[in-house]
Structures are given as structure tokens and as C-alpha cells.
Amino acid sequence: MRFDIITLFPEMFAPFLASGVTRRAYASGQVEVRLWNPRDYAQGNYRRVDDRPFGGGPGMVMLVEPLQACLDAIRAARAEDAAQQVPLVLFSPIGKTLDHAAVEHWAQSPGAILLCGRYEGIDQRFIDTHVDAQISLGDFVLSGGEIAALALLDAVTRLQPGVLNDAGSHQLDSFNPSLDGLLDCPHYTRPEVWQGQEVPAVLLSGHHAQIERWRRDQSLEITARHRPELLEQARAAGRLTRKDEAVLGKMADGL
């Protein structure tokens, strides 16, 4: 798996690639990350990568020519033919919001070229010609696409085999199909009592079936309270059992 990232600020990625549990995947090349700065492909003494927008208005727009030259270099380095080309992904407010299903899709792919925009945006002609997919983190605006690229990289990398210490850890994450798309349950560790607050007794019982039922009930309750639409999706997909529905019924009745 390889991600080529087009960014004016490659230095933002260095600490990320060397930190945390995912660093092993980057260090070993299991997930290869290459950084490309369009400024290296700009012309002139100032290596300009932006200019004023036609029609006036605030801000600057990223130029087509440096982006095109940078993309050509990436395609050449990947030695791709037309049939094998990985998609070029732009992080943009008009993109589809990144969710677990999308992360799983990219985690099973050979990678992509990630384009991190800056300023007021990118010349639309480059987008129309080359961009295959657009991704958004939500209904808000960032200074650039780098943070979104980091989020996608982290989410995808942690799903790769052997990256997490416990191979099954990510299967119990919120939104995972193993949890039927629900939110995760609360977690506790030592001490057993902190400032008068005790760990739920069932977690100390050693009774695995009861522990799993408690975790499921907590997941149902938290999802119903905070993300009821996820509960409805699970119900529509037939993922809730009769016991689940009984638990939810008691919650609704305030019991």
C-alpha cells in the first residue's frame, strides 16, 4: 500500500509518521508514504504556486502548472499504466464525509494520491481533469488538506494486519461491523475505586457471558442516547436481536 501526498507543507507529516502505534507500518514500508511539494515543480526564481483568482475576490488559487508537473512525476515514479492508476483524492468541503465504511474501502486498496489544497482552493481545471474522488471530514473548513490527509492515513493504517498490538482491537471500535455499527461501550482500568467511583461489578466478576452482555447493553444505551440514527441503521439491517430490542424497550420505559 502506498500513499503519495501532494502538499505545500511536507514537514507537517514528519512527526506523525514517526509517532504512535502506526509508526511501525510506515517504518517497515507496510504502508509507504511519499511526500511531494508542488513548489519543487514550479517555475521561476520564486517558484510560485499560487496566483490571484480571475474575477477578483479574496485569497489566492493554486496554479495548475506546478500541480500538473508534480502529478506527472508521481505517476512516473509509480510506473503505472492507465489501467493501474490509483485514484487522485482531493480533500474538499464538497466531498463525501469520511466514515468507517470509506476507511475500510481505502484500507483494502493499493493506496492513492492525496491532494492537500491550500489558500482559496485549486484551479478548477485541474480538479475536472484529474481528481477521481473528494473527501470531507465534516461541515467545517480547515486551513488546508493536510489534517484531513493525516486523519485518513491514521484510520487506514491502523486497520492493516499487525499494526495494532492486539489484532482484534479495531474490530471492537465504534462504527465497526463487529459492533453492528454501534458506538463502543465504556472502558475501565485500575484502580477499582477512584474518588468514590467504583468500576461496575460485572467487569470484575470473571463471568464472560455477563460481561459481554453488559458491554452490548452499554453500547446500545450510548448509541441510543448520542447517535440514534446509527441504531436505526442497525435495526433496518436486521442486526439487533430480540434481547437487544428488549433492552432498548426497558430504556425507553425508563426502567
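The values are calculated or read from the model by the stated rules, or taken from the named source; none is laboratory data. Since the structure is predicted, the reported quantities are computational estimates derived from the model, not experimental observations. Because the Cβ atoms are built from the backbone with ideal geometry, glycine has one as well, and the counts that use them run over all protein chains shown. Areas reflect the complete protein model, heavy atoms only, side chains present, ligands, DNA and RNA absent. Shrake-Rupley method; radii C 1.70, N 1.55, O 1.52, S 1.80 Å.
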query: If you go through segment 35-55 one residue at a time, do you hit one that is under 24 Å from Pro110 (Cα atoms), buried (at least 18 other Cβ atoms within 10 Å of the Cβ), in contact (Cβ under 8 Å) with a residue 60 or more places away in the chain and out of contact with any His (no Cβ under 7 Å at 6 or more places or on another chain)?
result: no
field: Index of the failed condition, Val199 passing every other in (1) without any contact (Cβ under 8 Å) to a residue 24 or more places away in the chain; (2) open to solvent by less than 50 Å² (accessible area, probe 1.4 Å); (3) under 16 Å from Ser178 (Cβ atoms)
entry: (3)
- prompt: Under the condition of being out of contact with any helix residue (DSSP H, G or I) (no Cβ under 8 Å at 6 or more places or on another chain), of a type outside the set (S, T, N, Q) and assigned to a helix (DSSP H, G or I), which residue from segment 214-229 is most open to solvent (accessible area, probe 1.4 Å)?
  reply: Arg225
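Yes/no per residue for (1) under 13 Å from Thr7 (Cα atoms); (2) at pLDDT below 95:
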position	(1), (2)
Leu67	yes, no
Arg75	no, no
Asp81	no, yes
Pro87	no, no
Leu90	yes, no
Pro93	no, yes
Leu98	no, no
Val103	no, no
field: Enumeration of residues in segment 230-245 that are surrounded by fewer than 11 Cβ atoms within 10 Å (Cβ to Cβ) and among the hydrophobic types (A, V, I, L, M, F, W, C)
entry: Ala236
Some residue of segment 50-60 being part of a strand (DSSP E or B) and over 23 Å from Met12 (Cβ atoms): yes
- request: Filter segment 4-34 down to the residues that are aromatic (Phe, Trp, Tyr) and more than 16 Å from Ala112 (Cα to Cα), then identify the one that is least open to solvent (accessible area, probe 1.4 Å).
  value: Phe13
